Structures are given as C-alpha cells and as structure tokens.
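Below: the structure, in structure tokens.
Every number here is computed from the coordinates shown, using simple stated rules; none is lab data. From a predicted model like this one, the values you see are computed outputs, not experimental measurements. Glycine gets a Cβ as well: all are built from the backbone with ideal geometry, and neighbour counts include every protein chain shown.
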Amino acid sequence: MKVESHNNGQGRLSPQDLGRACVYGAGLSFLATAFGKPLLSSVVAEVGFVVIAWLVVTRRKLPAEEAFMVRRAKAGSLAFPIILALGIQSASSLVLMLVDFLLGGNLSEAMTRVIGSAISPGFLAQLVLLGVVAPLSEELFYRGFGLYCFRDWGQGWAVILPSAIFALYHGPLGVAYAFVLGFSAALLVLKTASLWPAIVLHGAANLCVLGLDAIHSRVHGVFPGLPEWLPCVVVRVAGLVPLLAFRSDVRDLWTRAVKTFRSLRQDELLGQRFKTLFASWSYVVLVVFFALSFTLTAVVILAPDLVPF
C-alpha cells in the first residue's frame with residue numbers, strides 16, 4: 001500500500017531526504033544555542049527543521065500543500081485528537097511514576113538533571129512555544145515532510161520511521177511517549193488527509209503537561225495531608241476517563257495501528273530497505289547521535305557520580 005500522492009511527474013522526495021534534513025536540523029539546533037537566550041534558541045531550533053524541509057521541497061518543485069499535508073480538516077475531526085492527547089499524556093505520566101518508583105526515585109532525579117537546564121520561560125511564553133510553535137513545526141516536518149519522504153515505501157514505513165526519529169529526538173526519557181504521540185498523529189493524518197488533527201493532538205498533549213501539573217498542585221494544596229503521589233495518580237487516571245466517550249475512534253485508531261505494523265512486518269523488501277537507509281551517511285550519523293544521547297542519560301541515571309553536572 002502506498003501513501004496517497006497527487007504528484008504528476010514532478011520532483012520526488014526519498015527517505016534519504018528526511019535523513020539529511022534531520023542531520024542538518026540537528027546541526028542548526030546546536031548552532032542556535034549560541035544565541036545565549038534559551039527561548040530564542042528553542043524557537044530557532046524548531047523552525048529551522050521546517051525551513052530546511054521547505055528548501056528541499058521547493059528545490060524539487062513540489063507543491064507545498066501536498067508535501068506538508070496542509071489541507072483543510074473538518075471541524076468534527078478535531079475533538080478526538082484533544083481527548084486522545086489528554087489520554088496519552090495521562091497514561092505516560094502514570095507509567096513514568098511507576099518506573100520512577102521501581103528505580104527508587106532515580107528517574108525523577110535524572111529528569112531534573114538532564115532537563116533542568118532546559119528553557120524555563122514565563123507562562124505565556126511556554127503556552128506559545130509548547131502550544132503553537134512546537135506542534136506546528138514538528139508536525140510539518142515529521143508528519144508532513146517525513147511521511148511524504150517515505151510514501152513510496154508504504155504506510156508502515158511512512159508512519160513508523162518518521163515517528164521513531166521524532167521519538168528518538170526527544171531523548172531516552174521521553175522516547176516511548178513521543179513515539180506513541182507521533183505514531184497516533186501520523187495515523188490521524190492518513191485518516192483525514194490533513195495535518196491539522198496531528199497539530200491539534202500535539203499541541204493539546206504539550207499543553208496537558210502544564211494543565212495536569214497545575215491541577216495536581218491545586219489538589220495537593222487543598223488536601224496537604226495526602227501523600228504527594230496520590231493526587232498525581234488521581235488526576236492522571238481522571239484524564240483517561242474522557243476516552244470512553246470516543247470508544248469507536250479509539251478502536252479505529254487501534255485497528256489502523258495494527259495494520260500499519262503488519263504492513264511493515266510483511267514488507268518483502270524490509271531488509272533491503274534497511275540496507276538502503278544505512279547506505280546513506282545521514283542515517284549512520286543519526287544512529288551515532290542517538291546512541292551517544294541514550295548512553296549519557298543511562299550514565300546519569302545509573303551512575304550519577306560519574307557525571308560532572
């Protein structure tokens with residue numbers, strides 16, 4: 001099965017284009033840190049990926065609305081992504097709490113050390129960055145440009161590979177959550193033929209981080225005698241309840257997910273295509289980069305005394 005394309009003989013994109021764009025985007029993100037202002041650096045890093053993708057698309061003379069899936073979406077298709085975002089964020093928080101408990105608190109300590117130096121702008125700036133800039137930029141790049149680059153390899157590749165790269169860029173502490181979010185967003189894009197449900201899903205998920213934490217803090221303030229973890233668990237479990245009103249949408253998404261993984265597993269050219277990917281220098285660079293990132297985080301969690309920060 002090929003992802004739908006309306007390209008009439010114009011230039012084409014390939015998986016190698018996504019790999020190179022990811023490496024160039026990562027390099028631009030690193031250079032953006034030279035600004036010295038975390039918020040500005042984050043905006044430049046986010047938008048930089050899209051600019052690189054746009055340059056590739058225009059150079060190939062492809063219609064941007066097709067390459068980035070920027071098409072109108074029915075208003076009714078935007079409600080489920082919001083509820084799904086709340087559910088994904090709530091489930092992710094519960095899993096992280098469980099893992100942190102099993103690790104004796106080492107996970108939360110590691111998250112503080114690894115993410116503690118990240119941006120901490122004012123509340124309004126957080127709303128704009130997390131609710132608008134990041135969702136628009138990352139969805140245009142991964143679910144628009146990324147999906148289009150893999151469209152000739154079938155739905156399994158087009159959904160899973162860009163989602164995996166997206167997840168790995170979020171680091172080992174957020175890789176599982178980011179993959180589920182990106183994978184779900186890609187399925188919504190294919191279902192609706194529009195990027196907007198994915199943007200809404202991503203933006204709502206990011207804002208849920210702020211909202212759930214605020215509700216947790218408020219509940220804990222009203223009932224200070226409760227164990228600190230209890231309000232957090234209650235709030236997250238409550239975040240799963242609204243999904244019951246969208247049971248049919250959840251079932252449909254699950255069915256699409258199963259078919260997507262099956263299509264990749266049954267691809268007769270699976271091995272050959274992996275070889276094609278790693279014949280490109282860009283994917284080798286990405287593997288090395290992610291391996292170093294995961295190794296550093298593992299050291300921070302398992303042997304924090306060895307890390308000088």
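Using 7 Å Cα-to-Cβ label points, what is the SER14/ARG251 separation (nm, one decimal)?
Between SER14 and ARG251, the simple spin-label model gives 4.3 nm.
Quick one: which of 58-68, 262-272, 128-138, 185-195 comes out on top by average Cβ neighbours within 10 Å, and what's the full order, highest first?
Per-residue mean Cβ counts within 10 Å order the peptides as 185-195, 128-138, 58-68, 262-272.
Only Cα pairs under 8 Å and at least 6 apart count here; give the relative contact order of the stretch 15-306 as a rounded whole percent.
Averaging sequence separation for qualifying contacts and normalising by length gives 28 percent for the stretch 15-306.
Check cross-link reach from LYS191 to the lysines: straight Cα distance under 17 Å, and skip same-chain residues fewer than eight apart.
Correct list for LYS191: LYS2, LYS74, LYS259.
Can you figure out the FRET efficiency of HIS170 with ARG71, using R₀ = 30 Å and their beta-carbon distance, to the nearest 0.05?
Working: r = 27 Å, r/R0 = 0.89.
About 0.65, to the nearest 0.05.
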